[in-house]
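Bear in mind these aren't lab numbers, they're just calculated from the coordinates by the rules spelled out. These figures come from a predicted structure and were not determined experimentally. Quick reminder, even Gly has a Cβ in these numbers, built from the backbone with ideal geometry, and neighbours come from all protein chains shown.
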Amino acid sequence: MPQKTSDTPMMQQYMAIKKDYPDAFLFYRIGDFYELFYDDAIKGAQILELTLTSRSHNAVDPIPMCGMPHHAVQNYVDILIEKGYKVAICEQMEDPRLAKGMVKREVIQLITPGTVTDSNVNEAKSNNYLTALTADETNQFGFAYADLSTGELKTSQLNSIEAVINEVVNLQSKEIVVDQSIDDSLQEQFKKLNIMVSHQNKIEVKSELSYLTQGLDEALEKNTVETLLTYITVTQKRSLAHLQKAVAYEPSYFLRMDHYSKYNLELTRSIRSGKKQGTLLWLLDETRTAMGGRLLKQWLDRPLIHKKEIEDRQIKVGELLDHYFERSNLQEELVKVYDLERLAGRVAFGNVNGRDLIQLKTSLRQIPKIQHVLADLDDKVFGAMLAKLDPVDDIADLIDRAIVDEPPISVTEGNVIKDGYDAQLDQYRDAMTNGKKWMAELEASERKATGIRNLKVGYNKVFGYYIEITKSNLSSVPEGRYERKQTLTNAERFITPALKEKESLILEAEEKSTTLEYELFSKIREQIKLEIDRLQKLAKQVATLDVLQSFAVVSENYHFIKPTLTKKHSIDIVGGRHPVVEKVMGRQSYVPNDVKMSNDIDILLITGPNMSGKSTYMRQLALTVVLAQMGCFVPAESATLPIFDQIFTRIGAADDLIAGQSTFMVEMQEANRAIQNATPQSLILFDEIGRGTATYDGMALAQAIIEFVHNHVHAKTLFSTHYHELTVLDQTLTKLKNVHVGAVEKDGDLVFLHKMEDGPADKSYGIHVAKLAGMPEELLGRADKILKRLEIQNKDTDQALVEQEIKSEKQPQKVSKKHSTQSHKSSEVDEQLALFQTAPSDTQGEEVLAQIRNSNLMSMTPMDVMNQLYKWQKKLGNK
Ligand code: ADP
Ligand code: MG
């Protein structure tokens, strides 16, 4: 009976390894190939477009298989990682030629979306964060995150699921590590957000990593970081020397924005494309280094709330702004600084090559030049930073002495180490050169001795050095002079004892020299590893400097000014602009606007026709606040701002472009988040809230929300609305001010002025907008007629309403003559007021209301409800 394929020693080894990695694709190294088997092969062949074959297809149990050459593996890994899978790389741990029995194999790394470091998946200017979450009995969450390529490690304690989701989404984490304290429903929430959930229970963290958690006081934070470190250790199986000591952070130490708000404001991702283009980040990014690019994104994610810190950045931006030449010099020097953070990471992982080290040297050599530029700037502003810049020149010198200027990619094949760095290596190299010289001399002397002019000394891997003589010249070779070695079609190859002796000297020297070179290279790498901490500190300084110069460049290019931060609760922006819209449409076309909210104005109620610029105006304020608190200058002629603690935005369903998100429920959830969490120091943007539902309850909710914010929240709030009826609220709400966007009608056409003016808009202009959209004349005419009729009807009811309001002393609603007699009022407001303000006052009505209030709907069938309703109608005197 033939042996089953699955029983072969190799497949048994495969199965034994695979069982430890059930949820990963196992890339099993066989010679020059990585092979996938069984389900991995079937699924992998499909995703990676590889040919599915089988192992021993003649056997009784052919095993599905597909594979790829080892040098092409990175691309395939990238594809799988990007699609959200894990890949386990299983290598041959010994030379198959020397192995006795089965070649030893081991998984050397588990690559996952959150841990991938050496691929093209990672963009230079963004971080790839692996996150971790654990919970304690009191339902507090420990949260941690790390970027394996840069070594950043942070942790925080969060008190709600919402806060957790917020952090994870903000960090754009692709993978979260959880332990058993995190229940399934929360895990499901992550999966819905397309975040891979990996399970890991903490095990004793390796002693060399224990210092990473030393500074942490909170047990929960420590526990989470340890869980994260366990996962990293288990999956990476390689040195983690570049991981930085865990830093605990407090989200409330920064300007907080939930991820919806960030999304709505298009800080780093455009709503339409999901890309950087068209975002604030896109506008701000004049960074010249990858580290600076990443730091800019981090600053944008977490603007500051402490005046001193903000002003410290402002002063530096100002200094750079005022010194054009120094700034351009600085940029020129920064461009030549490579990604120090990721280079340091590669040093730690042990996968740097000679070229990386040359990049490191080049980068370090830039530092003195950068210092030179800084020295020309005001010492009071940049002195401290200058003092902190450490050029790490011992490392630069070491690389300069040791590594050739243009090393090969491989570190194991020699030609990496410079002559003169190591005496032993120099000796080997001499031996090689001498040997080769000897060969050249041999060729010359043998030609002379034999008179064969095309006699040649050559080399190949199988036979080593030889003397080659073409067939036609063979007769000229003296008998017994050479030993025959190999016959080719038109030549013979010979050797001599002396030749072989020299050959072994050369080959030995060659082999020893490559081995020695690799040893030397590894030693240099280890030496650099000891200085990783310094390299990382340097990287941070360089990144900071890069972002500051980027702010200065942007501030100059787009005419930003330094905002003044006030302790008062007032906003005074003159000539403010939405920087991204302005950049896209051009400075000439953009109409600047003021934002004036004194200490005693909390709410701006913004009305105006569609497409007039309400949303732009609101976002403009939020972006100005974000910019100011990042320490950047702002797009305005002058600006005085308080420091905000949080920004909330709710963009009405009609403007919400993400599919599936535009439900009214989401709109209300977001509004609720704002109302519940905002403080008097917060900024709220409510853009056309209430649009996602029927007119009456939409308007009712809008009004109630405004009142609630006015009476209880006291946050600075911009509320845009298409419900003109709401503009009367300024009569009752003292901290509310009406503003509107101007528009003029010219020959029946509508011209938007995009200019904010005080007071309510006087018209809705809906039909004009429809006309702009190109609707048929007939339809527009009809709409106009209907509108006129409604307006006439409403005039009477409005009047009646005002009278009724005046009579009812219970709720003295001040409705001014000005608003009530305006002819544009639609019937909606009347019915709304009728519904919500004129409850039945008779006893029958009271009774019905009480019954409705106390009905237990859950215990009633639809039929019961119908019957009950019928009874109530009767009671109220149904006509
Ligand atoms: P609304 O919210 O009132 O419907 P938007 O704020 O969406 O209007 O603005 C509509 C368009 O008007 C924008 O896409 C922009 O092209 C233009 N716009 C808005 N504000 C301005 C401005 N201040 N200056 C020039 N154009 C503007
Ligand atoms: Mg809008």
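Apply the a/c threshold of 1.5 to the C-alpha gyration tensor of region 564-774 and tell me whether it is rounded, prolate or oblate.
rounded
Tell me, in nm to one decimal, what length is gained between residue 570 and residue 32 on full extension, where the rule is 0.36 nm per residue of separation less the Cα-Cα distance?
This chain segment gains 186.8 nm when fully extended.
Hey, can you grab everything whose amide H is under 5 Å from the amide H of residue 63? Only 5+ residues off in sequence or another chain; H modelled, so Pro and N-termini drop out.
Close amide H contacts, sequence-distant or interchain: 55.
For every helix of n ≥ 4 consecutive DSSP H residues, a contribution of -39,500 (n - 2.57) applies; sum these over the chain, divide by its total residues, and give [θ] at 222 nm rounded to the nearest 500 deg cm²/dmol.
-14500 deg cm²/dmol
In the structure shown, do any of 568/596; 316/716; 262/716; 436/456 have a Cα-Cα gap over 21 Å, and if so which?
Correct reply: 316/716.
Using a Förster distance of 30 Å, how high is the FRET efficiency between residue 53 and residue 203, based on the Cβ-Cβ distance and rounded to 0.05?
Approximately 0.15, to the nearest 0.05.
Taking amide H atoms as placed 1.01 Å from N in the peptide plane, list the residues 5 or more away in sequence, or in a different chain, whose amide H sits under 5 Å from that of residue 561.
When sequence neighbours closer than 5 places are left aside, the close amide H contacts are 634, 636.
Given R₀ = 35 Å, what would the calculated FRET efficiency be for residue 475 paired with residue 504, taking r from the Cβ atoms and rounding to 0.05?
E between residue 475 and residue 504, to the nearest 0.05, is 0.65.
Relative contact order (percent) for region 63-171, with alpha-carbon contacts under 8 angstrom and 6 or more residues of separation?
16
Give me the one-decimal nm value for the distance between modelled label points at residue 355 and residue 707, 7 Å along each residue's Cα-to-Cβ direction.
Each label point lies 7 Å from its Cα, and together they span 6.9 nm.
With a ≥ b ≥ c taken as the square roots of the eigenvalues of the C-alpha gyration tensor of region 5-111, please select rounded if a/c is under 1.5 and otherwise prolate if a/b is larger than b/c or oblate if it is not?
Cα axes put region 5-111 in the oblate bin.
Put one equal scatterer on each alpha carbon of the chain, apply the Debye formula with no solvent term, and list log10 I(q)/I(0) at q = 0.04, 0.06, 0.08 1/Å to two decimals.
Evaluating at q = 0.04, 0.06, 0.08 Å⁻¹ gives log10 I(q)/I(0) of -0.30, -0.61, -0.92.
Mean separation of Cα pairs under 8 Å and 6+ residues apart, divided by the residue count of the chain: what relative contact order is that in percent?
It comes to 8 percent, rounded to a whole number.
Starting from the Cα of residue 434, step 7 Å along the direction of its Cβ; do the same at residue 751; then give the gap between the two resulting points in nm.
Result for the modelled spin labels: 9.4 nm.
Considering only DSSP beta bridges where both residues belong to the chain, give the percentage that are antiparallel (nearest 5).
60
Could you work out the relative contact order of region 358-498, using alpha carbon pairs under 8 angstrom and six or more residues apart, expressed as a whole percent?
Relative CO of region 358-498 lands at 13 percent.
Under 20 Å between C-alpha atoms is the cut-off here; go through region 5-111 and count lysine pairs that meet it, provided they're at least eight residues apart or on different chains.
Qualifying lysine pairs in region 5-111: 8.
Would you please name the GluC sites (Glu not before Pro) within region 189-288 that are DSSP coil residues with at most 10 other C-beta atoms within 10 Å of their C-beta?
204
Express in nm, to one decimal, how much length is gained between residue 490 and residue 557 on full extension, taking 0.36 nm for each residue of separation and deducting their alpha carbon distance.
Additional length available on full extension: 16.8 nm.
If I model a spin label as a point 7 Å beyond the Cα along the Cα-Cβ vector, how far apart are those points for residue 512 and residue 775 in nm?
With each label point 7 Å from Cα toward Cβ, the separation is 9.2 nm.
Using θ = phi - 60° and the Karplus curve 6.51 cos²θ - 1.76 cosθ + 1.60, what whole-Hz ³J(HN,Hα) does each residue of region 593-605 get, with Gly and Pro shown as x?
9, 8, 10, 10, 9, 6, 3, 9, 10, 9, 10, 9, 9
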